[in-house]
Ligand code: ATP
Ligand code: ASP
Ligand code: MG
């Protein structure tokens with residue numbers, strides 16, 4: 001398990017600093033590429049009435065939701081900025097991104113996955129009127145550019161981390177697998193099998209998820225996508241979004257467990273037809289950097305690790 005900073009030996013700190021260089025360089029490259037593509041950079045929010053319900057995503061497994069009262073109102077800490085992204089993209093910025101802290105009190109047994117921490121950062125972005133394909137191509141260009149850049153600029157650090165030779169610049173376009181085909185081939189454990197077999201990042205499409213991802217009610221196909229990294233797992237989820245009021249309501253009711261009153265503004269804007277079609281995604285920064293650096297546990301990418309079930313001083 002990742003230890004807190006003050007308990008690390010000198011060599012562990014040296015490794016941490018190399019990972020820190022990978023993080024800094026990755027953030028520099030990613031933010032620059034989004035700005036070069038005319039995205040506005042928004043600052044994150046911490047408290048809101050609406051946040052991602054993380055439900056009924058079967059991948060979501062949290063111990064509790066954080067709700068507290070301020071000024072006589074109940075607010076929640078951000079689990080993702082999906083609602084803010086959709087509203088900001090509809091009403092103000094047609095292209096936007098945020099480096100957004102997400103709090104998800106993951107079940108404590110998830111400490112063992114090595115892929116979950118209870119505070120992490122998403123590079124979350126959204127584009128008005130975009131198609132899923134456009135978003136996937138954008139992500140491919142940005143990620144391939146990032147890996148090429150890191151191999152050029154951080155050769156010494158990647159060599160120290162034992163990743164210089166094994167980290168390959170992925171060829172574009174990345175392969176795409178419809179989730180139903182993977183289920184046919186591998187059964188319900190498709191995710192683990194896929195991740196152990198691939199050698200480059202791949203897309204999986206059509207995954208049943210939260211109400212905000214677009215679903216074709218006639219075919220039952222979801223217009224969404226996850227990006228999987230070899231030996232590592234999911235690093236990104238994204239989709240084209242729902243924007244029509246009646247459809248969002250139908251999905252919220254079907255998902256039973258979703259409290260419509262927690263999404264009052266989104267529903268009001270959709271009713272007034274002020275929500276616009278968009279598509280986007282969120283990249284988990286610790287997972288991306290963890291894969292690049294080849295860490296065993298995501299907490300190694302954090303100077304102050306937030307391992308499920310473990311609360312250190314800092
Ligand atoms: P998983 O099924 O792997 O737990 P998820 O599908 O629940 O993840 P999303 O809600 O899709 O996660 O979140 C978007 C992205 O945020 C993920 O693709 C991942 O990169 C990152 N992420 C999600 N949960 C965590 C976590 N607990 N720790 C670190 N990164 C996370
Ligand atoms: N960031 C994700 C998206 O854009 C939402 C999430 O965090 O689950 O779809
Ligand atoms: Mg996901």
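A short reminder: the numbers here are calculations on the coordinates, not readings from a lab. Bear in mind the structure is a predicted one, so any value in this text is a computation, not a measurement. Don't worry about glycine lacking a Cβ; one is built from the backbone with ideal geometry, like all the others, and counts go over all protein chains shown.
Here is how the numbers come out for the structure above:
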read-out	value
Spacing of the two label points (7 Å from each Cα toward its C-beta) at residue 195 and residue 181, in nm	2.1 nm
Anisotropy class of segment 1-149 from Cα gyration tensor, a/c 1.5 cut	oblate
With Cα atoms, 0 to 90° folded angle of helix 245-254 axis to the chain main axis	70 degrees
Label-zone membership for segment 262-282, site residue 73, 7 angstrom Cα→C-beta point, backbone N under 11 Å	265
Whole-angstrom gap from segment 234-263 to segment 287-314, using each part's C-alpha centre	30 Å
Order of 306, 184 - criterion: other Cβ atoms within 10 Å of each residue's Cβ, fewest first	184, 306
Potential lengthening between residue 119 and residue 268 on full extension [0.36 nm per residue; Cα-Cα distance subtracted]	50.6 nm
16 Å cut-off, amide nitrogen to a point 7 angstrom out along residue 244 Cα→Cβ, residues in segment 189-221	212-221
Estimated [θ] at 222 nm from DSSP helical runs (n ≥ 4, -39500 (n - 2.57)) normalised by residues in the chain, nearest 500	-10500 deg cm²/dmol
Degrees between helix 132-153 axis and first principal axis of the chain (Cα, 0 to 90, nearest 10)	20 degrees
Inter-part distance where segment 149-214 and segment 1-68 are each reduced to a Cα centre, Å	19 Å
Under 18 Å from the residue 45 label point (7 Å along Cα→beta-carbon), backbone N, segment 109-138	122-127
Angle in degrees between helix 10-36 and the longest Cα principal axis of the chain, rounded to the nearest 10	40 degrees
Proxy reagent accessibility, fewest Cβ within 10 Å first, across 84, 9	9, 84
Antiparallel %, DSSP beta bridges [both residues in the chain], to 5	85 percent
FRET efficiency, residue 12 to residue 254 (Cβ-Cβ, R0 45 Å, nearest 0.05)	0.40
Two-site FRET efficiency, residue 219 against residue 155, from Cβ-Cβ distance with R₀ of 41 Å, rounded to 0.05	0.30
Contour minus Cα-Cα distance for residue 303 and residue 107 (0.36 nm per residue)	68.4 nm
Fully extended contour minus Cα-Cα distance, from residue 276 to residue 65, at 0.36 nm per residue	73.1 nm
Cβ-based exposure ranking for 82, 13, in which fewest neighbours within 10 Å come first	13, 82
